[in-house]
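Novice: Right, I'll just put the structure down here and ask away after.
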Amino acid sequence: MRPTTPSQDFIRGIWEENPVLIQMLGLCPALAVTNTVKNALAMSAATFFVLCCSSVLISTFKRLIPKEVRISSYILVIATFVTLADMMLQAYAPVQHKELGAFIALIVVNCMILGRQEAFASRNTVYRSLLDAVGTGIGFTIALVMMGGFREILGIGTFFDISLFGPNFEPWVVMVLPAGGFLTLGFIILGMGVYEQRKLAKQAHGEAA
Amino acid sequence: MNERPDTDPIEVKVVDPSQPDTAKDAPVEKQVSTLRLVATLAVAGALAGLLIVLVNLHTKPIIDVYKAEQLKLAIYEVLPGVSRYRTLYLVDGALSAEVPAGAKATDFRQAYVGYDEAGRMKGVAVSRGESGFQDVVQVIFGFEAETAILLGMKVLESKETPGLGDKIFKDQVFVDQFFARPQTPLRAIKAGSGKGAPGEIDAITGATISSKVVVSIINNGIAEWLPVLEQGIPEEAP
């Protein structure tokens with residue numbers, strides 16, 4: 001890895017190193033709660049909050065945390081913010097909280113968040129860690145909303161609860177079931193792979209010419 | 001990784017992970033004392049605990065109010081025509097208007113007795129949970145204590161399969177059957193195969209297990225509560 005600029009810290013998480021689609025991290029929520037766009041957004045918002053708060057806090061106190069206990073400290077920080085997010089969602093968005101159920105608590109073990117702490121926040125400034133966290137959070141949101149949209153449209157025939165195809169549409173129920181999550185993720189990754197390969201082929205072609 | 005032109009003018013000191021771990025080890029070259037490790041975690045833990053307690057103090061009342069509100073709405077929904085209700089507690093196998101001194105109300109199972117405007121008892125609502133297809137399904141339902149006729153049913157909690165099992169609360173045709181005053185015990189049957197016998201409930205195609213769970217919750221719940229109700233309902237304090 002070469003030295004990066006702040007704007008690269010930000011952009012990187014959104015596309016090149018998209019946590020879900022490229023790094024394949026945080027797949028549990030990406031598969032479990034993306035059956036509708038609303039759930040995907042609520043999950044992304046909660047994860048975004050935890051990721052940003054943890055990155056800022058850990059990069060602030062990185063010199064005070066002995067490396068022997070760094071993992072326990074990171075987990076403690078992450079778990080605290082997840083508990084706060086859980087309680088606040090329950091108080092202010094009870095419907096979404098009910099839908100997401102146990103998956104809120106499972107943000108604690110989202111390896112994407114711990115990964116950013118270990119790989120970035122623990123060795124960079126607060127400003128850059130925040131940029132990195134925001135970028136990664138947006139990347140995560142894009143991936144989840146993409147999956148949620150795909151699955152909701154095909155599986156229920158709605159987008160954001162708005163009916164798209166009228167009453168005669170027969171929903172592809174499998175798309176909102178777990179199997180649909182795997183299918184959707186697979187197809188999105190396939191699509192990205194094809195796009196990247198085409199781009200590379202084009203570059204190679206251009207160089208040869 | 002793609003090559004990107006370094007267009008950003010802000011120069012920041014960065015750590016190159018391919019180099020020996022300079023940044024990570026630089027601040028703590030010497031052995032860190034055990035005390036320091038324990039202290040770090042203890043302080044972090046204490047701060048985390050404090051923060052959680054503070055936020056909980058703020059959110060707990062909001063959550064409790066919401067839950068009570070939801071329960072109240074559900075009780076009025078499953079006891080149609082009721083204008084007020086009373087909460088009774090199951091204490092030592094009999095209903096009581098109050099819990100024993102010093103005990104917490106939430107530790108006792110509760111029955112909600114609904115009255116119409118004339119003050120006549122219309123029905124009793126109780127909630128009960130049983131294992132569904134995914135997780136415990138929690139249902140609140142109302143019934144007439146004398147005739148065991150079902151008055152209404154509402155699913156309070158369920159993680160049943162979206163698109164299939166969740167029809168137990170999203171499919172209005174299925175739900176409406178429970179408001180049509182069926183005689184209990186209920187029987188879940190294949191949709192359309194009914195012979196008009198009392199207590200027949202058309203199960204949802206593709207969600208037989210979830211449908212049967214709802215029926216089973218109601219049957220078992222009524223079987224459990226009827227003997228209790230037969231012992232009498234405590235008079236209202238004037």
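The values are calculated or read from the model by the stated rules, or taken from the named source; none is laboratory data. Given the structure is predicted, the values throughout are model-derived calculations rather than measurements. Note that each Cβ is placed from the backbone with ideal geometry, even for glycine, and that neighbours are counted across all protein chains shown.
Novice: Quick one: which of B:Ile217, B:Ile233, B:Ile201 is modelled with pLDDT of 90 or more, hydrophobic (A, V, I, L, M, F, W, C), surrounded by 14 or more Cβ atoms within 10 Å (Cβ to Cβ) and not in a strand (DSSP E or B)?
Specialist: B:Ile217
Novice: Also: Being in a helix (DSSP H, G or I), within 14 Å of chain A (Cβ to nearest Cβ) and closer than 30 Å to A:Thr34 by Cβ is the requirement here; does B:Gln134 meet it?
Specialist: no
Novice: Of all residues in the stretch A:164-183, which are within 14 Å of chain B (Cβ to nearest Cβ) and of a type in the set (S, T, N, Q)?
Specialist: Answer for the stretch A:164-183, where residues must be within 14 Å of chain B (Cβ to nearest Cβ) and of a type in the set (S, T, N, Q): there is none.
Novice: Specify the residue that is surrounded by the most Cβ atoms within 10 Å (Cβ to Cβ); the eligible residues are those in the stretch A:3-17 that are at the interface with another protein chain (Cβ under 7 Å from one of its Cβ atoms) and either outside any loop (DSSP other than H, G, I, E, B) or within 16 Å of the chain's Cα centre (by Cα) (or both).
Specialist: Residue satisfying both the conditions and the ranking: A:Gln8.
Novice: Please verify whether A:Phe61 is among the aromatic types (Phe, Trp, Tyr) and either crowded, with 18+ Cβ neighbours inside 10 Å or at positive phi (or both), treating the condition exactly as stated.
Specialist: When the stated conditions are applied, A:Phe61 does not pass them.
Novice: Here's a check for you: in the stretch B:124-163, which residue that is out of contact with any helix residue (DSSP H, G or I) (no Cβ under 7 Å at 6 or more places or on another chain) and of a type in the set (A, V, I, L, M) is farthest from B:Glu224 (Cα to Cα)?
Specialist: B:Val136
Novice: Could you list, in sequence order, the residues of the stretch B:32-46 that are within 8 Å of chain A (Cβ to nearest Cβ), hydrophobic (A, V, I, L, M, F, W, C) and within 11 Å of A:Leu76 (Cβ to Cβ)? Outline the logic, then answer.
Specialist: In the first step, residues of the stretch B:32-46 are kept if they are within 8 Å of chain A (Cβ to nearest Cβ); the result is B:32, B:36-37, B:40-41, B:44-45.
Checking which are hydrophobic (A, V, I, L, M, F, W, C) leaves us with B:32, B:37, B:41, B:44.
Scanning the stretch B:32-46 gives B:Leu41, B:Ala44.
Novice: Within 18 Å of the chain's Cα centre (by Cα), of a type in the set (S, T, N, Q) and within 30 Å of A:Leu64 (Cβ to Cβ): is that true of A:Asn124 in this structure? Working first, answer last.
Specialist: Numbers: within 18 Å of the chain's Cα centre (by Cα): no; of a type in the set (S, T, N, Q): yes; within 30 Å of A:Leu64 (Cβ to Cβ): yes.
Against the criterion (within 18 Å of the chain's Cα centre (by Cα), of a type in the set (S, T, N, Q) and within 30 Å of A:Leu64 (Cβ to Cβ)), A:Asn124 does not qualify.
Quick grid of which residues meet (1) in contact (Cβ under 8 Å) with a residue 60 or more places away in the chain; (2) within 16 Å of the chain's Cα centre (by Cα):
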| site | (1), (2) |
| --- | --- |
| B:Thr59 | no, no |
| B:Gly81 | no, no |
| B:Asp92 | no, no |
| B:Ala97 | yes, no |
| B:Lys104 | no, no |
| B:Gln110 | no, yes |
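Novice: For the subset of the stretch A:89-121 comprising residues that are more than 16 Å from the chain's Cα centre (by Cα) and in a loop (DSSP other than H, G, I, E, B), which member is surrounded by the most Cβ atoms within 10 Å (Cβ to Cβ)?
Specialist: A:Phe120
Novice: Need pairs with beta-carbon distance below 7 Å; first residue over 15 Å from A:Trp15 (Cβ atoms) and within the stretch A:190-209, second surrounded by 10 or more Cβ atoms within 10 Å (Cβ to Cβ) and basic (Lys, Arg); sequence gap 6+ or separate chains.
Specialist: Short answer, once both residue conditions are applied: none.
Novice: Another question, if that's okay. So, of the residues in the stretch B:137-177 that are assigned to a strand (DSSP E or B) and at pLDDT below 90, which turns out to be nearest to the other protein chains (Cβ to nearest Cβ)?
Specialist: Result: B:Glu157.
Novice: Look through the stretch A:29-45, keep the residues that are crowded, with 22+ Cβ neighbours inside 10 Å and more than 14 Å from chain B (Cβ to nearest Cβ), and return whichever of them is farthest from A:Ala143 (Cα to Cα).
Specialist: Filtering the stretch A:29-45 for residues that are crowded, with 22+ Cβ neighbours inside 10 Å and more than 14 Å from chain B (Cβ to nearest Cβ), the one farthest from A:Ala143 (Cα to Cα) comes out as A:Ala42.
Novice: Test A:Asn35 against the criterion of being farther than 18 Å from A:Glu118 by Cα and touching a Lys or Arg at 6+ places or on another chain (Cβ under 8 Å), and give yes or no.
Specialist: The answer is yes for A:Asn35.
Novice: Would you check if A:Asp86 is among the acidic types (Asp, Glu), assigned to a helix (DSSP H, G or I) and either modelled with pLDDT under 85 or under 19 Å from A:Leu130 (Cα atoms) (or both)?
Specialist: No; evaluated as a whole, the condition is false for this residue.
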